[in-house]
1. Just to check your reading of the model, which residue among 57, 17 is touching a Lys or Arg at 6+ places or on another chain (Cβ under 6 Å), among the acidic types (Asp, Glu) and either in contact (Cβ under 8 Å) with a residue 24 or more places away in the chain or not in a helix (DSSP H, G or I) (or both)?
2. With the structure loaded, tell me whether residue 186 is surrounded by 12 or more Cβ atoms within 10 Å (Cβ to Cβ), touching a Gly at 6+ places or on another chain (Cβ under 6 Å) and at pLDDT 95 or above or whether it fails that test.
3. I'm checking my understanding of the structure. Among residues of segment 24-37 that are in contact (Cβ under 8 Å) with a residue 60 or more places away in the chain and outside any helix (DSSP H, G or I), which one is farthest from residue 213 (Cα to Cα)?
4. For the subset of segment 82-129 comprising residues that are among the charged types (D, E, K, R) and surrounded by 22 or more Cβ atoms within 10 Å (Cβ to Cβ), which member is farthest from residue 8 (Cα to Cα)?
5. Residues in segment 41-63 that are surrounded by fewer than 14 Cβ atoms within 10 Å (Cβ to Cβ) and within 19 Å of the chain's Cα centre (by Cα): how many?
6. Against the condition at positive phi and modelled with pLDDT of 95 or more, how does residue 102 come out, does it pass?
7. Looking only at segment 130-140, filter to residues that are crowded, with 18+ Cβ neighbours inside 10 Å and over 12 Å from the mean Cα position of the chain (by Cα); which one of those is nearest to residue 73 (Cα to Cα)?
8. Does residue 67 satisfy being under 19 Å from residue 192 (Cβ atoms) and not polar (S, T, N, Q)?
Amino acid sequence: MANGSIVVGGTGLIGSEVLKLLAADPAFTPVTALARRSFDAPAGIQVKVTDFSEKLESETPASEYYFCCIGTTIKKAGSQEAFRKVDYDLVINSARAAFAKGARIALVVSALGSDKNSSIFYNRVKGDMEEALQQIGFRTVYVFRPSLLTGDRAEMRPGEKVGQAIGFLAGPLFLGPMKRYKPIAGKTVAAAMVRLAKAQGTGVHFIESEMIAKVASA
């Protein structure tokens with residue numbers, strides 16, 4: 001079995017926290033961040049710049065773990081087609097490349113409400129991605145479906161600003177069935193991802209937002 005970890009989306013809110021955790025844990029080394037641009041990663045993390053083209057497999061190092069935290073918005077991407085190229089094509093292409101190079105444990109961030117049959121384009125793309133991910137052949141797949149994310153990022157999205165405000169003002173109201181909609185910190189999602197990577201489970205697991213918080217604090 002290959003050793004090491006691949007991280008896609010290491011510049012984002014969740015991905016940057018995942019890199020910090022992996023850098024501090026020898027169980028996951030060596031760690032390679034595949035990115036479309038160079039960035040300052042934690043000490044010990046190798047950053048490999050790629051355009052995620054047909055050369056991706058040859059640019060992907062052997063590893064055991066595949067972490068994917070990438071995601072955008074339709075507004076930022078510029079169109080539905082451009083959004084799908086990131087949140088579906090880039091995710092699935094990098095997952096296939098990682099699997100081809102030995103990765104058998106995949107931990108991927110999706111979104112609350114993902115559903116391949118949804119009438120909402122965003123949710124439908126996330127659902128399509130989840131289905132394609134399961135067909136690649138990983139021994140273990142963890143799909144994380146967080147609610148609105150909170151935390152400091154270089155480019156705060158308007159929806160996340162609203163989420164942080166709601167979380168602060170209405171936190172006690174997120175009870176029972178509403179608990180799944182409570183905003184969640186990017187650090188919490190990252191902690192849950194790394195914790196479950198160590199669990200060495202098998203099969204496909206969907207980790208909803210309220211369960212993410214429980215796993216992270218276990």
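The values are calculated or read from the model by the stated rules, or taken from the named source; none is laboratory data. Everything numeric in this text was worked out from a predicted model, so none of it was measured. Glycine also receives a Cβ, built like all others from the backbone with ideal geometry; neighbour counts cover every protein chain displayed.
1. When all the criteria are applied, what remains is 17.
2. So residue 186 passes the test.
3. 34
4. Restricting to residues being among the charged types (D, E, K, R) and surrounded by 22 or more Cβ atoms within 10 Å (Cβ to Cβ), the top hit is 126.
5. 4
6. So residue 102 passes the test.
7. Selected residue: 133.
8. yes
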